[in-house]
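**Q** Before I ask anything, let me first share the structure, which is written out below as structure tokens.
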Amino acid sequence: MSNGTGKFLSSSLGKKFVMGLTGFLLVAFMIVHLLENLSLYVDVDHGSAFIAWVEKLHLLGPFIWVLEFGLALLFGVHVWMALKLTAENRAARPTPYVMKKTFGESTLASRNMFVTGVLILGGLILHLIHFRFSKGLHAPAPADLFARVREVLANPIWAGFYVVFGILVGIHVSHGFRSAFQSFGANHPRINCCVRRCSVALGVILALGFASFPIMALISWR
Amino acid sequence: MSGKRISLTLKVWRQESAKDAGKMATYEVKDINDEMSFLEMLDVLNEQLVTKGERPITFDHDCREGICGACGFVINGHAHSKEKEITVCQLHMRKFQDGETLVLEPWRAKAFPVLQDLMVDRSAFDRIQAAGGYTSVHTGSAVDANSILIPKVDADAAFDAATCIGCGACVASCKNASAMLFVGAKVSQFALLPQGQVERERRVKAMVERMDAEGFGNCTNEYECEAACPKGISVTNIARMNREFLKAAVTDQG
Amino acid sequence: MSKILDSKVPDGPLADKWDLHKAGLKLVAPNNRRKYNILVVGTGLAGASAAASLAEMNYNVTALCISDSPRRAHSIAAQGGINAAKNYPNDNDSVFRLFYDTIKGGDFRAREANVYRLAQVSSSIIDQCVAQGVPFAREYGGVLANRTFGGAQVSRTFYARGQTGQQLLLGAYSAMMRQVARGKVDLRARREMMDLVVVDGIARGVIARNLVTGELERYAADAVLLCTGGYGNVFYLSTNAMACNVTAAYRAHKRGAFMANPCFTQIHPTCIPVSGDYQSKLTLMSESLRNDGRVWVPKKVGDKRPAKDIPENERDYYLERKYPSFGNMVPRDVASRNAKMACDEGRGVGSSGLAVYLDFEDAIKRDGQPAIEARYGNLFHMYEKITGENPYKAPMRIYPAVHYTMGGLWVDYNLESTVPGLFVLGEANFSDHGANRLGASALMQGLADGYFVVPYTIPAHLVGRSYRKVSTADDEFRQAETQVKERIDRLLAVGGSRTVDSFHRELGLIMWDNCGMARNRKGLEEALEKIPALRKAFWADVKVLGAGANINTELEKAGRVADFLEFGELMCRDALVREESCGGHFREESQTEEGEAKRDDEKYCYVAAWEHAGDGKAPVMHKEDLVFENVKLTQRSYK
Ligand SMILES: Cc1cc2nc3c(=O)[nH]c(=O)nc-3n(C[C@H](O)[C@H](O)[C@H](O)COP(=O)(O)OP(=O)(O)OC[C@H]3O[C@@H](n4cnc5c(N)ncnc54)[C@H](O)[C@@H]3O)c2cc1C
Ligand code: HEM
Ligand code: FES
């Protein structure tokens, strides 16, 4: 890493840029992931479309490791930057206000990015334990995975957990997506309104989308 | 015209010096003519305090017409005021109700240490300016003013950025105590003008580096700064700074 | 001409004087400049531009300012614009015309050579500021826009919306901050100059108070530049910022610098009137408002009806009545004085009776509200913010307010005071505006002094004289510091019962009533009795709490008010001696039959430069005769 790149990455703006970039890629991943999961609806009882999708993934062979590693790296970098940024932000105001109002475009989502982020991370770890590592280091066979999904989501506690998880992702992204545009410097009256709406819509779609599976499970798989 | 009379309860941050711990103190101000400005109300309270033998409340102020940027503290959780595009010195008592309680606190930021009561040290802004907020033109070496043609829209946009009064309300209102709006405005002014092109990349890198070193926070893109800015400076200036910075990083000469 | 006052105005034709003078001035070689330390006190337009320019040349500069940042100097408040003889609009402007307008506007009480130089360098100022990135207003074609200002017959005013002073100051400030980064300017903010240190008759440094720690600090230098602005706050209420003071200039005066024409103050006609005794300062409304607003008061004395209930035939549009050709557009001093006269007759409006109407009803009827809004929207908005009244519906109420001080420390053509090595720049000196300043010319002067005059003239002192090396450990510094400390201790020790502000307000009233818009012998003599009495009361009964070793804003104010209490007396003396009316100085004894100002060129065509003769002694007046070789002295008439 050249000195310039190092400087860039350690600067406030550089960190924000990396945050936005990894965030964007994570959003892309989440969209693909949602599409994959939507295949559950094709054959609710036997998950044939879902299993077919996963089988196709497995055709990638060792290349899937590369993808998985890349994804882990994305998360890792995003979380690492989040920790650094949040620590710096807290340090920047050691004495809090006795009374502080919020205004501008501050929202529940924007104020709690770190909180939702940490909860997502926690949820993610459980999620990996539930599915990715249910059979040890090697990913379960597609049919086993489907069975595992049925098993976990049929449990009302886990179903509730995944509803919340979906909503948290939605909230996080509802601010994150548009925030990333600003971090990239993409702010222009012609696009702002659209970006703002897309960001909320994306949040809602991700939240509803992911929350819909456990609800479906409660209705159909019990 | 001759105003209504109102009484208020003030809870004010009192702190002897940068080294001391501070605390809130409560004062009753009675029978205030609501034609007064907010600072004049504090003047009246201060004269009463002096007469009683108590140390008056310290706050920065100078022009008292919203242009020097000296004044500023937080009133009930709002930097300057909940009114839009206004500094505390432009705030008048007619905006308050009889019997209201107001909480007055200094700007809170690591980079703006409290000096006394509501007065803080904003010299970090000067150091950021020194890092690159200028064009390196020697006195006497300028070309004829009209030999530099500048499209009116660019000149106007540069003016909108340059109208910053350096009061620090952006930092005070940001949940991360970030100075991005201040720095973004300066970077933008020069990025928009032909005069600023020569040092464009060096400038943005140096100013951001200084800003970071001063201990300001990062931007979460919530735009509280824009809402609090007495001059209504837009966050598009922050976006421009982000672009400038990215461009400068890509074309980095080492 | 007095021997002591050598103006050093060079010989030669007016247009060549500056060039000839420069050619004869000594130089300091670039490599030697770093051997010289220059102290700049005050970092407004004048100070910041000087500090930046000198540091660029490689001098070592130390700069002090009262506020927390140089960017807050009072120059920031200037709204209207800055003049320059660029003649971009092709309306036959020229250096001579700008010179002539300024000399005439100043009622022929300024030095020809200085004013001509000012007009000469005015163009370079605009070039310099544009190169710095000052966002002046522009036309669609990309060229700079100009407007007319203050009744000038050409468009020579450059502006940046209503914030010209701000943008110019930020330009000068940024140039200075560049030198701070280079290590060539040592910037010390929150420092107040408390005294000048003179060694062997030469200015060699200052004592300043660190306003945060309360410590007294000694600064030694090879030359001291005083750029500390005007003293309008002697009137308590003015359009000046709260920290504007006379302390720096007055301390220098007590150390030997002559004070010139202190009574010349400018009272601006269109300000928002005082609304109560808690009022802390006054706000200027641009005088462009008089282009469309009509000034009036009721004809009847004591008519308290709301404006809309007063029928047309019971209104007195007094400016239009008295000055049919100029009407509402008469110069500042005339407009101000007439407002005062109307109010003195008991015809003032508003609860205090100290205001006149500025009415836009006819303009709105004629041009429509949108047109008026486009022209003055921001001013109307500002008026409404402050008064809570809507000027589209009811006429504005305005009243004159103290705005600018033409008087100041006497300087020669090199801007050097009577104390060698002490240069005075900007509003703090007396040099260019005579008895009345034209709009948009103070910014020009401050920047001219700092960018283009002092960098040339300072070597004449640095290498033109021999003086010894000094250090801050020298006796002179120790003594000066001790004196400052004693004075602070005295202030803290009084332990009386009255606040500093109460004294300041009382002084302001005396000054306003007796040395304000109209002056007469009786009033001035009265003031000369009241001020010393007030000063005595101050030192016996002022209450300043706390200690010197911390932030103590009351102590700061007390020191400044103590100096105003001495300086106010000097102003009244100066006004008393000048038994003529000129510019902002209207002596009621010297008026024409129609009640207009009458100048007396026979007797008073001079600069009054006052020498401090010691505490308790009457100051001594020296005269610098004004010689006009290039203009004919005329009486102003606006009938
Ligand atoms: C409301 C208003 C509007 C105006 N509009 C115009 C206009 O449109 N056009 C125009 O040409 N002129 C205008 N003027 C006049 C003009 O702004 C000033 O005359 C000019 O800016 C003065 O500049 P300066 O550098 O001499 O002083 P200032 O800007 O007053 O600077 C003084 C400096 O000295 C420092 N200082 C003061 N005392 C001390 C001390 N004891 N120790 C240390 N530092 C000290 C201060 O901190 C400050 O840095 C206006 C004035 C006012 C009040
Ligand atoms: C599903 C996974 C995630 C997605 C899609 C996602 C997406 C995003 C996006 C798009 C942003 C905006 C970046 C910007 O402002 O430039 C963002 C910001 C943020 N993310 Fe995530 N994120 C995810 C997981 C996490 C996790 C696990 C954390 C962990 C702690 C986290 C913490 C944060 C924080 C703190 C911010 C805000 C930074 C700031 O602006 O101050 N995110 N995220
Ligand atoms: S005092 Fe100058 S902006 Fe408020």
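The values are calculated or read from the model by the stated rules, or taken from the named source; none is laboratory data. The model shown is predicted, which means the values in this text are computed figures rather than measured ones. Counting neighbours? That spans all protein chains shown, and the Cβs are built from the backbone with ideal geometry, glycine included. Calculation scope for accessible area: heavy atoms of the full protein, side chains included, ligands and nucleic acids excluded. Shrake-Rupley method; radii C 1.70, N 1.55, O 1.52, S 1.80 Å.
**Q** Would you be able to say whether some residue in the stretch A:193-203 is away from ligand 3 (no atom under 16 Å from the Cβ), assigned to a loop (DSSP other than H, G, I, E, B) and at pLDDT below 95?
**A** Our first condition is that a residue be away from ligand 3 (no atom under 16 Å from the Cβ); within the stretch A:193-203, this holds for A:193-203.
Pick out the ones that are also assigned to a loop (DSSP other than H, G, I, E, B) and you get none.
The answer is no; no qualifying residue exists.
**Q** Still on this structure: I want to confirm something. Restricting to the stretch A:103-134 and keeping residues that are facing chain B (nearest Cβ under 9 Å) and buried (at least 17 other Cβ atoms within 10 Å of the Cβ), which single residue is farthest from ligand 2 (Cβ to nearest atom)? Reasoning before the result, please.
**A** First pass over the stretch A:103-134, keeping only residues facing chain B (nearest Cβ under 9 Å): A:103-107, A:110-111, A:113.
From what's left, buried (at least 17 other Cβ atoms within 10 Å of the Cβ): A:103-106, A:110, A:113.
Working: A:F103: 18, A:G104: 14, A:E105: 13, A:S106: 12, A:S110: 8, A:M113: 4 Å.
By that ranking, first place goes to A:F103.
Quick grid of which residues meet (1) of a type outside the set (D, E); (2) open to solvent by less than 30 Å² (accessible area, probe 1.4 Å):
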residue: B:D121; (1), (2): no, no
residue: B:T135; (1), (2): yes, yes
residue: B:S141; (1), (2): yes, no
residue: B:N146; (1), (2): yes, no
residue: B:A155; (1), (2): yes, yes
residue: B:F159; (1), (2): yes, yes
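**Q** Of all residues in the stretch B:198-225, which are part of a helix (DSSP H, G or I) and either touching a Leu at 6+ places or on another chain (Cβ under 6 Å) or open to solvent by 60 Å² or more (accessible area, probe 1.4 Å) (or both)?
**A** The first filter runs over the stretch B:198-225 and keeps only residues part of a helix (DSSP H, G or I), leaving B:200-213, B:224-225.
Matches in the stretch B:198-225: B:R200, B:E201, B:R202, B:K205, B:V208, B:E209, B:R210, B:A213, B:C225.
**Q** When only residues in the stretch C:187-210 that are within 12 Å of chain B (Cβ to nearest Cβ) and away from ligand 3 (no atom under 16 Å from the Cβ) count, which is most open to solvent (accessible area, probe 1.4 Å)? Please lay out each step first, then the result.
**A** We begin by selecting, within the stretch C:187-210, every residue within 12 Å of chain B (Cβ to nearest Cβ); these are C:187-190, C:210.
Those left that are additionally away from ligand 3 (no atom under 16 Å from the Cβ): C:187-188, C:210.
On the way: C:L187: 40, C:R188: 70, C:N210: 17 Å².
Top of the filtered list is C:R188.
**Q** Which pairs do you get when a residue that is under 13 Å from C:A172 (Cα atoms), found in the stretch C:33-47, comes within reach of a residue that is within 16 Å of ligand 3 (Cβ to nearest atom) and part of a helix (DSSP H, G or I), reach meaning Cβ atoms under 7 angstrom, with the pair 6+ apart or on two chains?
**A** Here the result reads C:T43/C:P70; C:G44/C:H74; C:G44/C:S75; C:G44/C:L169; C:L45/C:S75; C:L45/C:L169, each pair linking the stretch C:33-47 to a residue that is within 16 Å of ligand 3 (Cβ to nearest atom) and part of a helix (DSSP H, G or I).
**Q** Those residues that are more than 12 Å from chain B (Cβ to nearest Cβ), open to solvent by 20 Å² or more (accessible area, probe 1.4 Å) and more than 16 Å from B:V250 (Cα to Cα), I need them from the stretch A:1-25; list them, please.
**A** A:F24, A:L25
**Q** Filter the stretch A:141-157 for residues that are without any contact (Cβ under 8 Å) to a residue 60 or more places away in the chain and either among the acidic types (D, E) or surrounded by 18 or more Cβ atoms within 10 Å (Cβ to Cβ) (or both) and give the result.
**A** A:D144, A:E151, A:V152 - these are the residues of the stretch A:141-157 that are without any contact (Cβ under 8 Å) to a residue 60 or more places away in the chain and either among the acidic types (D, E) or surrounded by 18 or more Cβ atoms within 10 Å (Cβ to Cβ) (or both).
**Q** For the condition open to solvent by 10 Å² or more (accessible area, probe 1.4 Å), assigned to a loop (DSSP other than H, G, I, E, B) and either of a type in the set (F, W, Y) or more than 17 Å from C:Y357 (Cβ to Cβ) (or both), what is the one hit in C:S325, C:S288, C:S280?
**A** Details: C:S288 fails: assigned to a loop (DSSP other than H, G, I, E, B); C:S280 fails: open to solvent by 10 Å² or more (accessible area, probe 1.4 Å).
Step by step, each of C:S325, C:S288, C:S280 is checked, and only C:S325 is open to solvent by 10 Å² or more (accessible area, probe 1.4 Å), assigned to a loop (DSSP other than H, G, I, E, B) and either of a type in the set (F, W, Y) or more than 17 Å from C:Y357 (Cβ to Cβ) (or both).
**Q** Something else: Just to be sure, is B:A228 within 11 Å of chain A (Cβ to nearest Cβ) and crowded, with 24+ Cβ neighbours inside 10 Å? First the steps, then the outcome.
**A** Working: within 11 Å of chain A (Cβ to nearest Cβ): yes; crowded, with 24+ Cβ neighbours inside 10 Å: yes.
So B:A228 fits the description; yes.
**Q** I need a count of the residues in the stretch B:141-154 that are farther than 24 Å from B:V208 by Cα and more than 7 Å from every other protein chain (Cβ to nearest Cβ). Don't jump to the end; show me each part of the working.
**A** Residues of the stretch B:141-154 that are farther than 24 Å from B:V208 by Cα, as a first pass: B:141-153.
Next, only the ones that are more than 7 Å from every other protein chain (Cβ to nearest Cβ) stay: B:141, B:147, B:153.
Number of matching residues: 3.
**Q** Can you tell me which residues in the stretch B:40-51 are out of contact with any Ser or Thr (no Cβ under 7 Å at 6 or more places or on another chain) and either within 16 Å of ligand 2 (Cβ to nearest atom) or among the hydrophobic types (A, V, I, L, M, F, W, C) (or both)? It would help to see each step written out before you state the result.
**A** Of the stretch B:40-51, the ones out of contact with any Ser or Thr (no Cβ under 7 Å at 6 or more places or on another chain) are B:41-42, B:44-46, B:48-49.
Scanning the stretch B:40-51 gives B:M41, B:L42, B:V44, B:L45, B:L49.
**Q** OK, next. Pick from the stretch C:441-477 the residues that are closer than 24 Å to C:R209 by Cβ and touching a residue at least 12 places away in the same chain (Cβ under 8 Å): which of them is surrounded by the fewest Cβ atoms within 10 Å (Cβ to Cβ)? Even if it seems obvious, please write down each step before you answer.
**A** Within the stretch C:441-477, the subset closer than 24 Å to C:R209 by Cβ is C:470-477.
Still in the running and touching a residue at least 12 places away in the same chain (Cβ under 8 Å): C:470-472, C:474, C:476-477.
Details: C:V470: 18, C:S471: 10, C:T472: 16, C:D474: 18, C:E476: 17, C:F477: 22.
Only one residue fits best here, namely C:S471.
**Q** Quick check on my filter: what residues within the stretch C:453-508 are part of a helix (DSSP H, G or I), charged (D, E, K, R) and out of contact with any Phe, Trp or Tyr (no Cβ under 8 Å at 6 or more places or on another chain)?
**A** Start the filter on the stretch C:453-508 by keeping residues that are part of a helix (DSSP H, G or I), which leaves C:453-462, C:475-494, C:500-508.
Now drop any that are not charged (D, E, K, R), which leaves C:475-476, C:478, C:481, C:485-487, C:489-490, C:501, C:505-506.
Answer for the stretch C:453-508, where residues must be part of a helix (DSSP H, G or I), charged (D, E, K, R) and out of contact with any Phe, Trp or Tyr (no Cβ under 8 Å at 6 or more places or on another chain): C:D475, C:E476, C:R478, C:E481, C:K485, C:E486, C:R487, C:D489, C:D501, C:E506.
**Q** Right, here's the next one. Does the stretch B:74-88 contain any residue that is modelled with pLDDT of 95 or more and away from chain A (no Cβ under 14 Å)?
**A** yes
**Q** Can you report the number of residues in the stretch B:48-74 which are among the aliphatic types (A, V, I, L, M), within 16 Å of ligand 3 (Cβ to nearest atom) and open to solvent by less than 10 Å² (accessible area, probe 1.4 Å)?
**A** 3
**Q** Only one residue in A:V164, A:V169 is open to solvent by 30 Å² or more (accessible area, probe 1.4 Å) and aliphatic (A, V, I, L, M), so which one is that? Write out each step before concluding.
**A** Values: A:V169 fails: open to solvent by 30 Å² or more (accessible area, probe 1.4 Å).
Selected residue: A:V164, the only one of A:V164, A:V169 that is open to solvent by 30 Å² or more (accessible area, probe 1.4 Å) and aliphatic (A, V, I, L, M).
**Q** Conditions first: (1) in contact with a helix residue (DSSP H, G or I) (Cβ under 6 Å, 6 or more places away or on another chain); (2) open to solvent by less than 10 Å² (accessible area, probe 1.4 Å). C:N58 passes all but one, so which condition is the exception?
**A** All conditions pass for C:N58, except number (2).
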